[in-house]
Amino acid sequence: MIGLYTDNVHLDNYRSPLTEGEIEMDDKATVMEFIELWLDTFKKNSVKTATLTRLQTSKNTLANYEIASKKIGELNFFDIQRYVNQLVEDGYSLSNIKKQLRIVTSPLKLAAAMKIIPADPSIGVRLPNETKVKKQTKEVIAYTNDEQEKLFKRVAVSPLNVGCMGILFMIETGLRSGELLALKWKDVELDRSRMHVHATILNPMSNVNAIYQDSPKTKSSKRIVPLTPKAKAILKRLMEERTTEWVFE
């Protein structure tokens, strides 16, 4: 199986077919079979939970397309390019098309490196021009100062409500909702008017699938955030009634 790839195995000299249970993972494996083995063996323990979930979502989407059932040894450039073109026709955004292409090309690069297939058929596949994509990427627009003031007035009617205080705190600090919910008292330094942001809650709106992730997706997400006077006042109010390690219970 792919797990045989260790420090003692050099890809340049590796020729044996892969096996997973009773399935021989050679060039007769389907694209879907090889992706599933790639996810389980290489990705499951090497990427963050959010990344693995996204890859699984991409795999599930791929299952709806003809390319998923093609054998990797028979797959060619035109099969992959037609897949990309179909994604454009189906109205996917450019960012999602890139993700859907990556779930195919990354395992194929591995298959080519391990000599399971003679060459990577995805070389040369073109992404669509952004103007050809029907679903354009939305621009992120921040609240204006006037809009922030209006929001302040609306939530100020319930100043002791933890949800309202959370909204005010996000406006003051720029935290995302997942970062807000992942904030612990140990991350707060009131005496130095700052806090450490290094974790997030994935799927924060779900009571079942919410996951605490104690590391950011990107390096820039891990940061020290200064506390404004309003932010400090909110924390002091919450601290008076805290019962757990979480700031916003």
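What distance in nm lies between label points placed 7 Å from Cα along the C-beta direction at SER177 and TRP246?
For SER177 paired with TRP246, the spin-label model returns 1.4 nm.
ASP26's amide H: which non-local residues (gap 5+, or another chain) put their own amide H closer than 5 Å, with H modeled 1.01 Å from N in plane and none for Pro or chain starts?
The answer is LEU18.
Each residue of segment 114-119 in order: what ³J(HN,Hα) in whole Hz does its phi give by Karplus 6.51 cos²θ - 1.76 cosθ + 1.60, θ = phi - 60°, with x for Gly and Pro?
8, 6, 6, 10, x, 7
If you count, for each residue, the other Cβ atoms within 10 Å and average over each peptide, how do 116-123, 47-54 line up from highest to lowest?
Working: 116-123: 17.1, 47-54: 14.1.
Order by mean packing, descending: 116-123, 47-54.
Determine the alpha carbon to alpha carbon distance for each of LYS71/LYS98; LYS109/LYS132; LYS44/LYS115; LYS44/LYS184; LYS43/LYS184; LYS44/LYS132 and list only those over 31 Å. The partial results should precede the final answer.
Details: LYS71/LYS98 22 Å; LYS109/LYS132 27 Å; LYS44/LYS115 23 Å; LYS44/LYS184 28 Å; LYS43/LYS184 29 Å; LYS44/LYS132 34 Å.
Pairs exceeding 31 Å: LYS44/LYS132.
Can you give the accessible area per residue of segment 93-200, in Å², using a 1.4 Å probe? Intermediate results must be reported in sequence, preceding the final value.
Working: 6390 Å² over 108 residues.
Ligands and nucleic acids excluded, the figure is 59 Å² per residue.
For segment 222-227, what does the Karplus curve 6.51 cos²θ - 1.76 cosθ + 1.60, with θ = phi - 60°, yield as ³J(HN,Hα) per residue in whole Hz, taken in order and with x for Gly and Pro?
Going residue by residue, I get 8, 7, 9, 10, x, 9 Hz, with x marking Gly and Pro.
Please find the FRET efficiency linking LYS150 to LYS98, where r is the Cβ-Cβ separation and R0 is fixed at 51 Å, and quote it to the nearest 0.05. Can you show the working numbers first?
Details: r = 37 Å, r/R0 = 0.73.
So, using R0 = 51 Å, E works out to roughly 0.85.
Using only the alpha carbon atoms of segment 82-124, find the Kirkwood hydrodynamic radius as the inverse mean reciprocal pair distance, in angstroms to one decimal. Before the final figure, lay out each step's value.
Working: mean 1/r = 0.0898 Å⁻¹.
The answer is 11.1 Å.
The values are calculated or read from the model by the stated rules, or taken from the named source; none is laboratory data. Here the structure is a predicted model, which means the values were calculated and not measured. Neighbour counts run over all protein chains shown; Cβ positions are idealised from the backbone, glycine included. The area values use the complete protein model at the heavy-atom level, side chains included, leaving out ligands, DNA and RNA. Shrake-Rupley method; radii C 1.70, N 1.55, O 1.52, S 1.80 Å.
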